[in-house]
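Structure, as structure tokens:
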Amino acid sequence: MTMLIAATLLTAAAPQTAATKPLTRAALQAELEQARAEIATQRQQIDAQEARLRALEDRIAAAPAAPNTTLPGQVGAPPPAAIAQGSAVSSPGDPATIVQATPQPLERVGQRPTDRDRPPEVAVLGNQGSVVTRKGQLTGEVQLDYARADRNRALFRGIEVVESVLVGEFNINESRQDIFTDSFAARYGVTDKLEVGVRVPFVHRADSSVLVPVQGSTNNDAAREVDSAAKGGGLGDVEISARYQLIGAHNGLPFIVGNLQVVAPTGTDPFGVPRNASGEALKAATGSGFWGVSPSVTAILPSDPAVLFGTIGYTRNFGKGVNTIIPPVQLTYVKPGDSLSFSAGIGVALNERTSLNLGYAQTWAFGTLTRTAVTTTTTDAMTGVRSTSVTRAEQTARDLQIGRLLFGVTYRATDRASINWSVEVGATEDAPDVRTALRIPLVLLSPHP
């Protein structure tokens, strides 16, 4: 029995002695080369997998996003633990498994544009900057607009002897202007990139001014307060516009839209309204009285959920001859100054129906050119002969800097109608105090009902 046990132990120990036998240098070198070959093979497989992943990412980026699907890791997707628990471990045909594995709808802020070749529609802060109307679509728009301008100025003509001692004429002028406009507009898409439109405004305007000379500053004459007011209403200046999408957004570049607007002097001419003997208007004008052409370029850069937009433009006004007498001066020619303008802002989608906009607009209006003629009649004391002389002059008014802070909100009530409310607050002395507008665009005709 003792000899059997010893034989068994010797048999079990024999393999361990062979396993612990040291390998030769050649065997170790062969094993090292084999390990290196396996590593090289695994590296090639990893490179192939990375190339495949990059190709899949490019295909996903190029494909349109599905509205009701959720990828792993996105907001609204069920966590892996939830799928692995409960009924998710049942057989593939089990209804409970199908319900548990169905992805939940993805909650998004705003709405992703469905057409990559068209800019997203945002609540613009003016008549330009939005998406071009689609081919065959007719959009009508009702707009209510109110603007208020209130200016107070102190005028002094004379000599300043020492500080706060003035010799001459010192007047205080205060003017107010209230303009309420209701307009109707229509836009039609000739092609998917070209749009034409027209806007017909009806203006209701009230102007008032007060001129108060300071007592004793007019050659010891009693100070006289001059108060004038004028009201008017009727058709304003009709606007005709065309817009064309020049460039689509690709590789991070913005959409570029070209705009052209022509203003026709269809409103009441300010040089044709009735005036009293002192030249003050008895009726307020509803138009400018001049033709104007305004080309501009708009850039729209989507950055979900925000949209950046900006516009730069130039307005060319055409002068004309007039015959208006404001005693003792006769106006013979007036040319309103041209203007250079730009605006920029951001639109943020709060949800798929509501968006908020903030921006700033600046207009540099060049001075108005005016030509006048003053007729002077003198009588010779010796002969009693009367002679008349005409003095002609030309002057240009100062430039105006009109800056405005912009705020707007848009609510998409239905697929065919939306409500846009905007506010402009004057940021410079020459700008109106406040302007607010309510716009209601409505799709009247659509090629895709």
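Quick notes
- Top-ranked residue of region 333-355 - restricted to ones that are free of Cβ contacts under 8 Å to residues at least 60 places away in the same chain and of a type in the set (S, T, N, Q), ranked as nearest to V273 (Cα to Cα): S339
- Near pairs, Cβ below 7 angstrom, 6+ apart or cross-chain, from region 237-265 (more than 30 Å from H204 (Cβ to Cβ) and touching a residue at least 60 places away in the same chain (Cβ under 8 Å)) to any residue that is among the acidic types (D, E) and not in a strand (DSSP E or B): G248/D117
- Y360 over 30 Å from I419 (Cβ atoms) and touching a strand residue (DSSP E or B) at 6+ places or on another chain (Cβ under 9 Å): no
- Selection status of A63, small (G, A, S), at pLDDT below 85 and closer than 30 Å to G252 by Cα: yes
- Flag if D338 is over 22 Å from R398 (Cβ atoms) and within 27 Å of the chain's Cα centre (by Cα): no
- Looking across region 305-323, just one residue is over 27 Å from the mean Cα position of the chain (by Cα) and buried (at least 17 other Cβ atoms within 10 Å of the Cβ), and that is V322.
- Among (1) buried (at least 17 other Cβ atoms within 10 Å of the Cβ); (2) part of a loop (DSSP other than H, G, I, E, B), the one test that R439 misses: (2)
- For region 230-242, the count of residues that are surrounded by fewer than 14 Cβ atoms within 10 Å (Cβ to Cβ) and either closer than 30 Å to R187 by Cβ or among the small types (G, A, S) (or both) is at least one.
- Evaluation of T428 against the conditions (1) within 21 Å of the chain's Cα centre (by Cα); (2) in a strand (DSSP E or B); (3) more than 18 Å from S355 (Cβ to Cβ) shows that the sole unmet condition is (2).
- Residue match in region 409-416 (condition: of a type in the set (F, W, Y) and out of contact with any strand residue (DSSP E or B) (no Cβ under 6 Å at 6 or more places or on another chain)): no
- If you filter region 1-48 down to residues that are in a helix (DSSP H, G or I) and among the hydroxyl-bearing types (S, T, Y), you find that the one that is modelled with the highest pLDDT is T41.
The values are calculated or read from the model by the stated rules, or taken from the named source; none is laboratory data. Keep in mind the model is a prediction, meaning the values are calculated, not measured. Cβ coordinates were reconstructed from backbone atoms using ideal geometry, including for glycine residues, and neighbour counts include every protein chain displayed.
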